[in-house]
């Protein structure tokens, strides 16, 4: 479920996955209510085929009787017997995002608006690009902009430089806002499920290069965009969000590119929002979206 | 959440609403897990503005230690202190549906298919119409068909005859599948939140007569359909489901009528499915859809 | 553009394609207006990349000064110098359709409704299946039903029997309404661009077998359906129409199958309608849809 | 049909409406082809009910034998006998746009991107607001920003000041990018069919104030946005474009406001594009969109 935009209250969110068995919801909700926590949102899902249980629960910390710094340790006692994998987040933690761009600005504008308007509780710590094209735009908004040129031969060095920047800027997660370079497995391993890409097709159709050209060649009546966590395999990571737009025979490749941008920017922004709100759980290269 | 189509297992579903307070989810889930019930689906919602709590929980009865005929009485002990309004349903109860039609067959065909194919666990007990037009179609599928003519003057008598038929056929809920007559407040009072209508506009636009003509006159670029529970006020009941279709200046009123039928039949069928699966809670003339 | 549903008037429709050059529209419209024809609909398209011109024009024959049987010969004088490929259709010609089905009935119900209600001006001459499952449904609607069993070994004989039936019933075009068999190149060659299939994915994603299983495995957030003319290559023919539906992590494979049916039947019916209205031109394995 | 984004060629576009009669298309296309013009796009529409003919035709001026400054006079000879109302546009004429804003920036960001990226061939000559809030954003992009405060009492003076600015900046058309003030009939009369508004509902539902609050109160499952030319009657002008987004019971009013912004900005931008490309004809308070 969507968390409200402007939460004056302080809340905690638990994201849980574990083998399914009886009593899981009762155990977690009892932990919260026993210590006087008021549940704001609760959602759960059981993958019956895989026998896996997933849960997201957010509660008001106002009168919660466990101090926030002690919650994790106390919850461990619940989590261990159920073999839970879990994350605990607090609503006043503002994550630090890096944006990677190349030469197309539509996703960046969309993100800048959401940041400036307060729609997202996030710090845009740095914009990294293989081209200088958007340094002016970054400067307009007072965001550090770093150019790291990438060529086939210098890729390892370039990625090392990028990783150093991510460390320097204390980055929590990365958004590839139409960054047109392939990310290496090594790079991905530093930010597992924390690099969000937007691919300009409805995956798995047209993975890889020039999807709009190929969509045009195939004569499809619908184009799309897919946002996913980046994994070692190109355009094959867990899909977070997808959407589409109708096209027809009148649309040239250039029309598909133009129309597609509107889908890309919205799909990417919805995916980033899910990530920011801790609404995403990844398993089996798929996502559970608690929305 | 959608219940699976073909549930070989026997399950119970609780639909609950009450004033929001701490411990509600814990109390209900503890009731289930303490008696060895395995939760299949759980969804809850809090209307923070109205301070109302809503919940739907479905659990496997396989090893549940309370006999099904005793569950309601035992749950009462949980429900009372929390001032819960609640319903308990079992997955092997097949509800009995009456369909009201006039002269348009598209929704009826769609429903007949879902019934015949086993997509819906429902008995179509009777089709009631103010016209004989669809008696052949009903006969083809072996469903009783009753004609109750309605005129302005005979409305009370007609409704009395219809109500008698609903009683005779032991009807649980009514689907108005493009039945073009207005239902009286008295009639509605016999089946509160159990009469599902499809209106051929995206409500609240174009409530009342001839919505496609009015949509055409206004030059809208989108038409829609809305399924809602019938209340005393025309086309003003709680909306269960809506959907839309794009149109343009080339579409005549007849085109809108034709295109709209495809939206109408899908929207109505989705609403009926939510009702059949006990996924709908009504409050404040709105619906919570646990889907 | 959509032709009106109920055309009391008699009209002619020309579908034209040829190398693009100046004066094409003027030549065709002059031919019509010079002989006192009133244009009802005109649409054209130029593929600038391929330098190909496409046109559909429909005109009222009421006061047209060339008798209908002489129109083709007279138009030849216009067409030849421009190297036009063209078709001429009259609105009172009712095409004869064969439907191929296997065991799923949703598309068939949808088609039967459109036929019965008069939405389509078409004769359903015969239903052909590799299974007897739908003979009852066909019988209910008085449509001849022929079972032609198909196995790996008997495919050539089966197709020969099917072709004989198509000839016997004087079939103009074939609709594969979830007929789950692959059609041979030889079979297709008898009805080029006259066999319409519905595939249960948004092509080119998930061509071939079990698309919903693969969509579920990939964790997509959108499923779709695609209607196309059948060619020698499986699921690779020119796409006529596509549409999609949102799904999420709660949807099992069975849910995708169920939800997908609603998209399939609408997409197939829209494609058939385009075909019936002579709104489709095929080139380069793509379609121009004059809608 | 969409004109290509980057047209290196010089083209002329005629927009025509007149009483329907035989020979209209032939007369216009003959005019073009006789003088060696190559038609790039042609679209026409007949409103059979009103007996009105509409046409948009765009042709390449490369080898057109009439000098561009003489085309209008020469076309007059065609237009007069048919009683045509018509406009002639050339592709190298860059219109001057004024944007009116209040305090919400999402539409403005979206427009600024399209302008900066070259997606639109338009000059943003001035931004006018009743609040100073967006002066910084305007300054970032080097666009003149003028504050004209508006109160109930000073409306006439404010509108006079705005009209003076529009004249000073030689404005061709106005975009109300979530400008929350009502425009007077007098103001509208200066720019008939040249003021484009975005209203945050699917009109005619929820015309007027606070549409998201009212949508939430009614419990709709779909919200929308509508872009229209402003007329004297509030939110009742000819609709250019509409689109929608699904919502559910979890969405608070604030969620509707946030989600709606994404629809608003895309719908407004599509409407502005149609206007820029001369794809819109207005009649009977409705639009023909040649797209």
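List of remarks:
- Among the residues of segment D:150-160, those identified as crowded, with 16+ Cβ neighbours inside 10 Å and either touching a strand residue (DSSP E or B) at 6+ places or on another chain (Cβ under 6 Å) or not in a loop (DSSP other than H, G, I, E, B) (or both) are D:158, D:159.
- The single residue among B:68, B:34 that is touching a strand residue (DSSP E or B) at 6+ places or on another chain (Cβ under 7 Å) and farther than 30 Å from residue C:265 by Cα turns out to be B:68.
- Total residues in segment A:66-100, condition surrounded by fewer than 17 Cβ atoms within 10 Å (Cβ to Cβ) and in a helix (DSSP H, G or I): 8
- Single residue of segment A:112-128 satisfying the filter (closer than 13 Å to residue A:95 by Cβ and in contact with a strand residue (DSSP E or B) (Cβ under 8 Å, 6 or more places away or on another chain)) that is surrounded by the fewest Cβ atoms within 10 Å (Cβ to Cβ): A:123
- Only a single criterion out of (1) loosely packed, with under 14 Cβ neighbours inside 10 Å; (2) free of Cβ contacts under 8 Å to residues at least 60 places away in the same chain; (3) farther than 22 Å from residue A:44 by Cβ is not satisfied by residue B:48, namely (3).
- Residue D:78 within 21 Å of residue D:31 (Cβ to Cβ) and within 14 Å of another protein chain (Cβ to nearest Cβ): yes
- Condition broken by residue C:103, with the remaining ones in (1) in contact with a helix residue (DSSP H, G or I) (Cβ under 8 Å, 6 or more places away or on another chain); (2) surrounded by fewer than 16 Cβ atoms within 10 Å (Cβ to Cβ) satisfied: (1)
- Summed over segment A:117-168, residues that are on the phi > 0 side of the Ramachandran plot and within 23 Å of the chain's Cα centre (by Cα) total 1.
- Output for segment D:5-36, where each listed residue is within 7 Å of chain C (Cβ to nearest Cβ) and either part of a loop (DSSP other than H, G, I, E, B) or over 17 Å from residue D:89 (Cα atoms) (or both): D:22, D:23, D:25, D:26, D:30, D:33, D:36
- Residue check for residue D:1: modelled with pLDDT under 95, under 21 Å from residue A:251 (Cα atoms) and either buried (at least 21 other Cβ atoms within 10 Å of the Cβ) or assigned by TED's automatic domain parsing to the domain that holds residue D:128 (or both): yes
- Taking (1) closer than 27 Å to residue C:279 by Cα; (2) in contact with a helix residue (DSSP H, G or I) (Cβ under 9 Å, 6 or more places away or on another chain) in turn, residue C:189 satisfies each apart from (2).
The values are calculated or read from the model by the stated rules, or taken from the named source; none is laboratory data. As the structure is a prediction and not an experimental result, all values here were calculated from the model. When we count neighbours, we look across all protein chains shown, and the Cβ atoms used for this are built from the backbone with ideal geometry, even at glycine.
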